[in-house]
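Since the structure comes first, as structure tokens, the remarks are kept for the end.
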């Protein structure tokens, strides 16, 4: 261990937007700063009007590099472009360290491992790689050409991932998938360590203020839609893999099959999604959801919100009875933690990371990804007394297990140990 010595740490991240991976990077950067370290974040894309507020405080620097290289070529080759952009970020990190005459002690590479060999070649830093999920499993390989395109990228992913001095993953679920997917690395004894994401825990005063002011923070249309209702809230990007349609169909099933249950007739659904107009899928899936809502006749029961501020997120949680989280086999899922930290129970799919964060029957429910199963649990959460009790248990659960303080202390220990370890 390096005692109380402060370290010089850099982050290499592809796109510093508003997703769960970005939330982890921002939290990690903030906590390392809180432990006395000097932190610089490097990314290929950063929009000051669409970012987490902590990136604007000056606690750590944010440098854009490699953004001149396209995100895609003719709306294809996204993975290849991401690899190139992150390699360009790595070059910028090395050049910055050289100009300053001070090497980074640790470089935290997030998501894209292609940057690792560049950093090992151009710097003397220890490299920590955070794997949210193997990219080769996320990529679709429906055609022979697609498989041919992915083959070298998949090989690069496994090889470069194995070159990191230390590997972390976001859940036991991802750890198991990592071992099954990267068999060569597993055979070499390279088993990643589980390092859960965390969330800030709002104070009681903050929750009271959010409850008091949510109607003034939200738009008048959204406030009117939620006022006096048992509102279920879905927070996720407008992407097909997030399975947002499940929440819509579950509302229809709840209103049809549980219409006489307490609270059901007053229930509505708010889908607040991360929306980036640069991305065709975001635009297309939004319209698909609009069509689905119209097809099921739920225009008065479901509302869509494209992106939101941190203040609006807090207001939405304050106005909600519960949070519905629909992705299947999610690698971890930061939204359930944010919901429970705000005292809201969570209904999630019984797979992936949520099985490690949501306590079934206590802090929410875990259900099969079917409309009928979700509808049954939503009907239970529509009962105010039940959802309030589960929300209290959920908040205490997150406080004990997923707090930012515990996250920061462990990360501080990890980077200090890595900085003083012998090279591979």
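The set of residues from the range 1-54 being assigned to a loop (DSSP other than H, G, I, E, B), closer than 21 Å to residue 85 by Cα and in contact with a strand residue (DSSP E or B) (Cβ under 8 Å, 6 or more places away or on another chain) comprises 14, 15, 16, 44, 45, 46.
Here is the figure for the range 24-55: residues that are touching a helix residue (DSSP H, G or I) at 6+ places or on another chain (Cβ under 7 Å) and without any contact (Cβ under 8 Å) to a residue 24 or more places away in the chain total 1. For the range 135-158, filtering for residues that are at pLDDT 85 or above and either within 21 Å of residue 13 (Cβ to Cβ) or in contact with a strand residue (DSSP E or B) (Cβ under 7 Å, 6 or more places away or on another chain) (or both) leaves 4.
Give the residue, chosen from 66, 58, that is at positive phi, crowded, with 18+ Cβ neighbours inside 10 Å and without any contact (Cβ under 8 Å) to a residue 40 or more places away in the chain.
Details: 58 fails: crowded, with 18+ Cβ neighbours inside 10 Å.
That would be 66, the only listed residue that is at positive phi, crowded, with 18+ Cβ neighbours inside 10 Å and without any contact (Cβ under 8 Å) to a residue 40 or more places away in the chain.
When 422, 417, 388, 392 are checked against the criterion of being out of contact with any strand residue (DSSP E or B) (no Cβ under 7 Å at 6 or more places or on another chain), surrounded by fewer than 22 Cβ atoms within 10 Å (Cβ to Cβ) and outside any helix (DSSP H, G or I), a single residue qualifies: 422. Within the range 264-284, the presence of at least one residue that is in a helix (DSSP H, G or I) and touching a strand residue (DSSP E or B) at 6+ places or on another chain (Cβ under 9 Å) is confirmed.
Counting only residues that are without any contact (Cβ under 8 Å) to a residue 12 or more places away in the chain and either in contact with a helix residue (DSSP H, G or I) (Cβ under 6 Å, 6 or more places away or on another chain) or farther than 23 Å from residue 161 by Cα (or both), the range 69-97 holds 5 of them.
Where residues in the range 122-138 are over 18 Å from the mean Cα position of the chain (by Cα) and assigned to a loop (DSSP other than H, G, I, E, B), which of them is surrounded by the most Cβ atoms within 10 Å (Cβ to Cβ)? Among those that are over 18 Å from the mean Cα position of the chain (by Cα) and assigned to a loop (DSSP other than H, G, I, E, B), it is 125. The residues of the range 159-189 that are in a helix (DSSP H, G or I) and in contact with a strand residue (DSSP E or B) (Cβ under 8 Å, 6 or more places away or on another chain), listed by number, are 161, 172, 174, 175, 178.
Among the residues making up the range 213-226, a single one is crowded, with 19+ Cβ neighbours inside 10 Å and in a loop (DSSP other than H, G, I, E, B): 218.
Condition test on residue 280, is it out of contact with any helix residue (DSSP H, G or I) (no Cβ under 6 Å at 6 or more places or on another chain) and closer than 21 Å to residue 49 by Cα?
Spelling it out, residue 280 is indeed out of contact with any helix residue (DSSP H, G or I) (no Cβ under 6 Å at 6 or more places or on another chain) and closer than 21 Å to residue 49 by Cα.
Scanning the range 190-212 for residues that are in a loop (DSSP other than H, G, I, E, B) and out of contact with any helix residue (DSSP H, G or I) (no Cβ under 8 Å at 6 or more places or on another chain) yields 190, 203. Is it true that some residue in the range 295-310 is surrounded by fewer than 20 Cβ atoms within 10 Å (Cβ to Cβ), out of contact with any helix residue (DSSP H, G or I) (no Cβ under 8 Å at 6 or more places or on another chain) and closer than 23 Å to residue 204 by Cα? Checked against the condition, which is being surrounded by fewer than 20 Cβ atoms within 10 Å (Cβ to Cβ), out of contact with any helix residue (DSSP H, G or I) (no Cβ under 8 Å at 6 or more places or on another chain) and closer than 23 Å to residue 204 by Cα, the range 295-310 yields at least one hit. None of 300, 351, 314 is assigned to a helix (DSSP H, G or I) and either within 26 Å of residue 213 (Cα to Cα) or assigned by TED's automatic domain parsing to the domain that holds residue 396 (or both) except 314. Exactly one residue among 89, 107, 93 is part of a strand (DSSP E or B), in contact with a strand residue (DSSP E or B) (Cβ under 8 Å, 6 or more places away or on another chain) and either at pLDDT 95 or above or under 26 Å from residue 414 (Cα atoms) (or both), and that residue is 107.
Rundown of residues vs (1) under 30 Å from residue 9 (Cβ atoms); (2) under 25 Å from the mean Cα position of the chain (by Cα), yes/no style:
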| site | (1), (2) |
| --- | --- |
| 374 | no, yes |
| 383 | no, no |
| 388 | no, no |
| 392 | no, yes |
| 399 | yes, yes |
| 402 | yes, yes |
| 417 | yes, no |
| 420 | yes, no |
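Assess whether residue 119 counts as being assigned to a helix (DSSP H, G or I) and surrounded by fewer than 17 Cβ atoms within 10 Å (Cβ to Cβ). No; evaluated as a whole, the condition is false for this residue. Within the range 327-337, can you find the residues that are crowded, with 23+ Cβ neighbours inside 10 Å and either touching a residue at least 60 places away in the same chain (Cβ under 8 Å) or at positive phi (or both)? Passing the criteria: 327, 332, 333, 334, 335, 337.
The values are calculated or read from the model by the stated rules, or taken from the named source; none is laboratory data. Note that this is a predicted model, so its numbers are computed, not measured. Positions of Cβ are generated from backbone atoms using ideal geometry, with glycine treated the same way; all protein chains shown enter the neighbour counts.
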